[in-house]
Amino acid sequence: MSLPESLNSIEHSSDRRQYRVGIVVPTMGTRPEFLVQALNSIRLAGSALVHVVAPPSANLASVLDPLLYDALIDDPAAGLAAAIDAGLRSFPSTVRYINWLGDDDLLTEGSLDVAVQLLEQDPSVVLTYGACEYIDSTGKVLWLNKSGSYARYLMRFGPQLIPQPGSLFKRNAYERIGGLDYRYKWAFDLDLLIRLSRVGRLHFEPRAMAKFRWHMGSLSVGGRADSVNEASAIRVASLPRLLRLIAPIWEYLIRILIMRAGERLTLRIKGSQQNPILRSPIDGSS
């Protein structure tokens with residue numbers, strides 16, 4: 001999980017170097033409208049350094065308002081987990097709290113400030129998370145994932161209901177566990193959450209902290225089956241040896257349940273969507 005020896009970083013505002021929060025936005029630069037919305041939402045969420053990780057060919061410096069981000073980091077071209085990790089490790093030492101946001105997702109106003117307060121109140125907490133609104137490509141709310149404290153236990157045996165967007169974790173805990181595992185393409189957030197839970201507490205805040213955009217262009221939505229299967233493999237690998245032997249019994253049912261829930265949500269997007277906030281289907285990854 002080592003980084004490239006050199007990272008091409010373009011700094012825009014050196015007076016922001018003392019910020020304690022760092023947010024990475026990985027992007028291919030193919031969804032500029034969504035990307036601008038994501039960056040704007042981070043600025044409204046609180047005080048944070050924003051590092052955008054993209055391939056040099058995206059040429060984002062020519063199309064993005066420099067006030068929306070603080071540095072452009074070259075994508076190491078080793079997968080999404082590697083791109084995010086490169087961004088997270090590129091922050092100055094003053095940054096203590098970190099996370100990433102998909103280029104089509106959003107943070108809610110003031111959510112970063114709330115998360116920082118929660119992390120600083122209790123030294124045993126290594127990550128905070130809250131509820132998450134699922135929205136369609138137009139921004140219309142489809143349903144609300146209220147999640148809850150139970151989600152940090154359920155993720156080891158069932159669906160992963162902790163929303164990665166809107167969470168915030170301590171940088172020293174991230175570095176202690178070795179960061180993201182590049183082997184995983186889809187469910188590396190689940191692997192990260194499980195490993196973080198071994199070094200500290202995960203705290204739930206009962207308010208909407210982010211908005212996850214559900215559309216077929218999204219990596220986790222478009223590759224649903226692969227994501228569900230990879231999450232299943234991560235759950236089983238984290239279990240004690242004896243439980244791993246019988247885990248296939250319930251994992252088969254869990255995978256079916258998660259896939260059907262995702263299919264129902266996709267149908268709701270294609271349907272009339274008359275109800276602004278729908279009942280929460282069970283999801284397998286954030």
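The values are calculated or read from the model by the stated rules, or taken from the named source; none is laboratory data. Everything numeric in this text was worked out from a predicted model, so none of it was measured. As a convention, Cβ positions derive from the backbone with ideal geometry for all residues, glycine included, and neighbour counts pool all protein chains shown.
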Q: Scan the stretch 185-203 for residues that are more than 20 Å from LEU239 (Cα to Cα) and surrounded by 20 or more Cβ atoms within 10 Å (Cβ to Cβ) and report the count.
A: 1
Q. With LEU144, LEU190, LEU202 as the choices, which residue is over 25 Å from SER47 (Cβ atoms) and part of a strand (DSSP E or B)?
A. LEU144
Q. So which residues in the stretch 217-243 are at pLDDT 90 or above and not aliphatic (A, V, I, L, M), if there are any at all?
A. ASN229, GLU230, SER232, ARG235, SER238, PRO240
Q: Could you tell me which residue of the stretch 149-184 is surrounded by the most Cβ atoms within 10 Å (Cβ to Cβ), considering only residues that are polar (S, T, N, Q) and over 24 Å from ARG20 (Cα atoms)?
A: GLN160
Q) Quick check: is even one residue across the stretch 79-92 assigned to a strand (DSSP E or B), acidic (Asp, Glu) and touching a residue at least 40 places away in the same chain (Cβ under 8 Å)? A) no
Q: Consider VAL141 carefully, then state whether it is out of contact with any helix residue (DSSP H, G or I) (no Cβ under 8 Å at 6 or more places or on another chain) and of a type in the set (Val, Ile, Thr).
A: yes
(Q) Restricting to the stretch 147-157, count the residues that are within 17 Å of ALA208 (Cα to Cα), in a loop (DSSP other than H, G, I, E, B) and in contact (Cβ under 8 Å) with a residue 24 or more places away in the chain. (A) 3
Q | The one condition in (1) outside any loop (DSSP other than H, G, I, E, B); (2) under 21 Å from ASP104 (Cβ atoms); (3) within 17 Å of the chain's Cα centre (by Cα) that GLN160 fails to fulfil | A | (1)
